[in-house]
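Notes follow once the structure below has been shown.
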Amino acid sequence: MTPFTPFIDQLFSLNDKVAVVTGATGVLGGGMARGLAQAGAKVAILGRRRDKADAAVEQIRQSGGRALATPADVMDKAQLEAARDAVLAEWGKIDILINAAGGTTAEATVSPDKTIFDMPLDPMRYVIDLNLIGTLLPSQVFGEVMAKAGQGCIVNISSMNAQRALTRAMAYSAGKAAIDNFTRWLAVELTTKFGEGLRVNAIAPGFFVADQNRSLLLNDDNTLTPRGQKIIDHTPAGRFGIPDDLVGPLIWLCSPAARFVNGTVIMVDGGANAFSGI
Ligand SMILES: NC(=O)c1ccc[n+]([C@@H]2O[C@H](COP(=O)([O-])OP(=O)(O)OC[C@H]3O[C@@H](n4cnc5c(N)ncnc54)[C@H](OP(=O)(O)O)[C@@H]3O)[C@@H](O)[C@H]2O)c1
């Protein structure tokens with residue numbers, strides 16, 4: 001790459017970049033999709049729920065952004081290929097992939113009345129697959145377009161539980177730990193084989209209230225559950241994250257400002273991972 005220092009207004013620009021965001025029908029993916037659109041990117045909204053995808057597209061368009069609904073299941077390669085073809089037909093290229101689809105289920109969570117020895121395999125396998133294979137398959141389908149073009153940026157969504165044990169969330173933690181490893185592996189694979197225009201990084205959010213964990217953190221009247229209170233007590237910022245907290249780090253990772261940042265996991269957690277609790 002020719003050495004250059006972009007002007008400061010180009011340093012963080014995503015103008016006319018084409019981004020695919022899996023899990024954009026959800027809370028964090030939706031917030032990141034809106035942030036990318038505000039930074040100038042055209043954004044494909046990918047999730048299984050068509051109505052949510054349409055609503056997310058409408059919201060972005062109403063604020064002057066460009067977006068396209070591409071409903072698909074991240075565990076289904078044929079559906080991902082159809083989404084890829086729709087994006088290429090509309091915008092002709094893919095520059096950015098955000099792998100935000102993921103999460104856990106009640107059946108795969110070790111509730112207080114259970115231990116690891118009570119857990120059936122199938123729900124745990126589903127959650128590990130959703131987080132790992134649901135990132136691997138989109139990386140293959142959309143990443144191949146980037147590899148052929150010699151440039152592109154993938155950001156996986158990990159979790160702080162990849163590095164520290166969170167009670168209850170065994171399968172989810174294993175799936176996210178695999179994401180951290182896959183992030184490093186894919187960064188090396190793509191950059192060594194297709195050039196330094198290809199980069200793969202991850203963001204590890206701390207605790208954010210979203211659809212899949214709301215009932216673990218908040219009671220029906222929005223007061224904190226005991227687990228929610230424990231989290232707040234162990235988060236130096238003293239609050240849960242909100243989707244906007246992810247937007248700045250995400251834009252940085254996808255922009256020319258991060259062109260030498262590759263294979264890293266960025267914590268966005270209000271200091272929770274750094275805090276011993278004392
Ligand atoms: N909230 C947190 O505190 C937190 C912390 C760390 C990491 N994360 C991670 O952040 C990401 C976003 O989660 P969230 O917290 O925003 O939860 P959310 O609101 O429940 O969103 C989950 C998203 O994943 C999508 N999804 C699930 N299964 C899918 C499948 N098979 N195919 C396509 N899309 C699928 C859902 O879309 P459809 O239902 O429409 O398919 C939805 O858009 C996840 O990877 C999660 O693990 C969250």
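The values are calculated or read from the model by the stated rules, or taken from the named source; none is laboratory data. Quick caveat: nothing in here was measured; it's all calculated off a predicted structure. No Cβ is skipped: glycine too gets one built from the backbone with ideal geometry, and neighbour counts run over all protein chains shown.
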Notebook entry, point to check: Tell me, which residue of the range 174-205 that is in a helix (DSSP H, G or I) and of a type in the set (S, T, N, Q) is surrounded by the most Cβ atoms within 10 Å (Cβ to Cβ)?
Noted result: THR183
Next item on the list: List every residue pair whose Cβ atoms lie under 8 Å apart, where the two residues are 6 or more positions apart in sequence or sit on different chains, the first residue falls within the range 239-257 and is within 18 Å of LYS42 (Cα to Cα), and the second residue, located anywhere, is hydroxyl-bearing (Ser, Thr, Tyr) and more than 12 Å from the ligand (Cβ to nearest atom).
Entry: SER255/SER13; PRO256/SER13
Margin query: Out of the helices (runs of 4 or more DSSP H) lying entirely within the range 1-94, which hold 1 or more residues that are of a type in the set (D, E, K, R) and more than 16 Å from the ligand (Cβ to nearest atom)?
Written below: 8-11, 50-62, 77-91
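Yes/no matrix, rows are residues, columns are (1) outside the structural domain of GLY150 (by TED's automatic domain parsing); (2) under 18 Å from the mean Cα position of the chain (by Cα); (3) at pLDDT 95 or above; (4) surrounded by 15 or more Cβ atoms within 10 Å (Cβ to Cβ):
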| position | (1), (2), (3), (4) |
| --- | --- |
| ALA44 | no, yes, yes, yes |
| ALA72 | no, yes, yes, yes |
| MET75 | no, yes, yes, yes |
| ILE98 | no, yes, yes, yes |
| ALA101 | no, yes, yes, yes |
| SER111 | no, no, no, no |
| MET119 | no, no, yes, yes |
| ARG125 | no, no, yes, no |
